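Have a look at the structure below, then the notes.
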Amino acid sequence: MAGKRVKTRMSAMAKREERWAWLFIAAPFVGFMLFMAYPIVFAVIASTSKWTGLNSLWGNIVGLGNYIKILHDAKFWKAMGTTVIYMIGIPIGMILGVLIAMGLNRGIPGKRVLTTMYYVPVVSSLVAVSILWAWVFNYDYGLFNGIYKALTGMHGPNWLGDEHMVKVSMIIFMVWKGLGSSIILYLAGLQNIPRDYYEAAMIDGAGSWAKFRNITFPLLSPVTFYILITSMIGGFQVFVEVQVMTNAGGPNYSAATVVYYLYEKAFTNGQLGYGSAVAVILAIIIFIITAINFWGQDKWVRTID
Amino acid sequence: MKKKLLSTLMAAAVSVSMLAGCATTTTDTPAAAPDAGAAPQQTEAPAEPAAEPEGSSTETMTGTGEETLHVFLYMQEHEKEIYQKLIDEFVQEHSDQIKEVVFEVTTQDEYNQKMTANLVAGDLPDVFYVGPASVRQYVDNGYIQPLDKYVDDATIKSIWGTTQEIYRYDGSKIGSGSLYAFPKDLSCFAFAYNQDLFDEAGIPYPDPEKPYTYEEFAEVCKQLTKDKDGDGEVDQWGVACADQWGMTPILYSNGVKFLNDDMTKVNVTNNPQLTEALTYYTDLTKNGLTPTVDQDTALGGYQRWLDGQIGFYACGTWDVAAFMDPNTFPYKWNLCGWPVGPSGDGRSHTWMGSVGYTVSATTKFPDLAAQLAAKLSTDEDGQRAVSGISTGASIQLPNIVDLAYGEFKDAVKSGKVPYASNVDVIFGYFDNNDHYAAALQETDYTYNAEWFTPFWSGVFNIKNGDITVEDFLKQVEPEMQSLLDEAIELQNSATN
């Protein structure tokens, strides 16, 4: 009702402007409907079918059949477990990121060169660096085992060929790959903390640990929160490095992630319906985890104002 | 409250974008897809020295006619030149009808994904690849059409009998009925040995007329396995086999079958031939006659073979050109048969592979498309080029039987085509003669190859001594069966 009254009072110019406004809104809205909403709805429908891409989707609806199967799918849970284990890399990356950012923030010479160097992995092609690291981790000819042998005279571990080591290797790789962006973000965060806080603390006789604990850490929490959210979402989507660095998901499927499993099901084995169901479950998990993170932020995220 | 709502919305937006992201994940790395037309090239991803084109490339040849044909294939760059020429000729021959042929070539890795996208979008090329495993589903779902009515009988009869059979389907079984594809190739996975290592060890070469028995083979491998530089570590091995591809010929040669005759039941537990053969196969590694599992992860058998560290290694028909190139493989080598187990039919067995040109059911020009498919498959000059008769690099045998047994063999004998002199081993496998036999793999007859994955990907545990052959087979059978059941279900869903 209220809207109607407003409309009648609109001048011709306001009407014209309103039309333009709708047009501007329409562009992203149509984009969203076409490239997000439609595929999502489609994926959800496909997830309830035995669709193979060849057969008719509607003729093969099985309801929640795929979901029930996934609950009992040992390979899915193994991949899910591995995906979660890989997230151990997130706090490690954060700690290293803060430490290095604080180091760089002391105004040491060559700061720009160092920042650039740390950032190179972030902008490099994931496929290219994965191939490179597959060689770094190589059992006989790799950099790590070369150093290990030179130091100890013994043969190093089979980084990518051992069921347990392959997880460690992937975490090392992911930390290395993501470190650059956490450093940049933390560096920006550090530079946003007003100097006078530290000066006041110094006058009160605070030591460096107290300063870190009571000023730096809390005031970096928005950055930490951002990194946490994006890394967790990214963590659930790890795929390329597994595909490139391991053969068929690693020894006894020990390196495979959920997205790798999804890809294998949908595109290698032609089970697009089942693959869609895995994708939907993954999306729901990401939604829940992200929602929890957002709700929980009140307890620990502090802003300067 | 407002903030929480905002948080929820943001979380929703973020995870929703993740879902969309998942659905479109793509990669430019090799995806082993044994079902994808059972293409043999993929078995040796590192075996292709020739650079593959990055992504797709599209060439267009134009005539004066009205009609446009779209051809979508994967192949290597040097093959593309050969086929481009055939397409150009075809346009000229039919220039009154054809306006243009759009020839799109992508990498093997990308092909599956692009075809899936084409299928889902209902936008099929006029001519594209189909593997023996896919014929049934493609026909059942109405994607492809019979070609025999558009192509004369003589042309069809000129190709290998096997490739006439595997692309026929009568609505219930493969092998009879209408012909749905012409072969791009028919390949087989033969065995090769490094002659130089035999000379060094003073061992007589394997007899191409009489493949080794399991026992003889292990004995020869023992003599070829040594520590050459005296550092206490073995650096030359008798044999190396990739579990995914190189294990099955050894098992097949002991009469092994993984499935029952109608391909509905996995039989690996109560399968004495398999137990015997798998024990033999894994013992080769346990006894140190192959690189260890760890060494194999560091450097695959193929690379070690090229480095001259391996006595016996698999040789697909597509590998020959590379092995004949002294820059790639600077050793003398020749072909031989896979070793024969005591419980088989006494013949050496291996697997064959093929991929074929098929024509979309929705093409507006079935006649032209079918003729183009036939030309790509059976044009004599084209076949002379890919088999090496006119180019000197053999990437496959000619599809035309007369050409294979006549001109091709002569060219091998005269040295015009650089080839292993024991080429008869390959012909023997194709002929199914007294000593050799080849067949498609069982995975070529099922909807997908997933049921075989737990088997080949778990065999290394036996080699490592972590599980016995018997326990492994017991453990793996239920998993294989459930995956096979799923494949059958999906296969049948196609006819709905």
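The values are calculated or read from the model by the stated rules, or taken from the named source; none is laboratory data. What you are looking at is a predicted structure, and each value in this text was computed from that prediction instead of being measured. No Cβ is skipped: glycine too gets one built from the backbone with ideal geometry, and neighbour counts run over all protein chains shown.
General remarks:
- Considered as a group, the residues in region B:293-313 that are of a type in the set (D, E, K, R) and touching a residue at least 40 places away in the same chain (Cβ under 8 Å) include one that is nearest to the other protein chains (Cβ to nearest Cβ), and that residue is B:296.
- Region A:270-305, subset assigned to a loop (DSSP other than H, G, I, E, B) and aliphatic (A, V, I, L, M), residue farthest from the other protein chains (Cβ to nearest Cβ): A:304
- Residue in region B:184-194 that is under 22 Å from residue B:371 (Cα atoms), among the charged types (D, E, K, R), in contact with a helix residue (DSSP H, G or I) (Cβ under 8 Å, 6 or more places away or on another chain) and in a strand (DSSP E or B) present: yes
- Scanning region B:461-475 for residues being surrounded by fewer than 20 Cβ atoms within 10 Å (Cβ to Cβ) and in contact (Cβ under 8 Å) with a residue 24 or more places away in the chain gives a total of 6.
- If you go through region B:412-457 and keep only what is part of a loop (DSSP other than H, G, I, E, B), of a type in the set (S, T, N, Q) and modelled with pLDDT of 90 or more, you end up with B:421, B:422, B:432, B:433, B:441.
- Any hit, region A:14-29, residues being under 30 Å from residue A:229 (Cβ atoms) and surrounded by 12 or more Cβ atoms within 10 Å (Cβ to Cβ): yes
- Of all residues in region A:47-89 being without any contact (Cβ under 8 Å) to a residue 12 or more places away in the chain, over 26 Å from the mean Cα position of the chain (by Cα) and within 13 Å of chain B (Cβ to nearest Cβ), the one that is nearest to residue B:493 (Cα to Cα): A:55
- Flag for residue B:319 being out of contact with any Gly (no Cβ under 7 Å at 6 or more places or on another chain) and of a type in the set (Asp, Glu): yes
- Any chance residue B:486 is of a type in the set (Asp, Glu), part of a helix (DSSP H, G or I) and either free of Cβ contacts under 8 Å to residues at least 12 places away in the same chain or facing another protein chain (nearest Cβ under 9 Å) (or both): yes
- Leading residue by the ranking (farthest from the other protein chains (Cβ to nearest Cβ)) among those in region B:141-165 that are more than 30 Å from residue B:333 (Cβ to Cβ) and assigned to a helix (DSSP H, G or I): B:154
- Comparison of B:280, B:357 shows that the only residue that is in contact with a Phe, Trp or Tyr (Cβ under 6 Å, 6 or more places away or on another chain), assigned to a strand (DSSP E or B), more than 14 Å from residue B:191 (Cβ to Cβ) and more than 14 Å from chain A (Cβ to nearest Cβ) is B:357.
- Test set (1) at pLDDT 95 or above; (2) touching a strand residue (DSSP E or B) at 6+ places or on another chain (Cβ under 8 Å) - residue B:242 fails condition number: (1)
- Residues that are more than 16 Å from residue A:235 (Cα to Cα), of a type in the set (A, V, I, L, M) and assigned to a helix (DSSP H, G or I), drawn from region A:59-92: A:68, A:70, A:71, A:74
- Scope region A:229-254; condition aliphatic (A, V, I, L, M) and farther than 26 Å from residue A:52 by Cα; matching residues: A:229, A:232, A:233, A:245
- Selection of helices (runs of 4 or more DSSP H) fully inside region A:210-269 by the criterion of at least 3 residues being facing chain B (nearest Cβ under 8 Å) and of a type in the set (Gly, Ala, Ser) returns nothing.
Yes/no matrix, rows are residues, columns are (1) at pLDDT below 95; (2) over 20 Å from residue A:172 (Cβ atoms):
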site	(1), (2)
A:54	yes, yes
A:63	yes, yes
A:70	no, yes
A:82	no, no
A:85	no, no
A:94	no, no
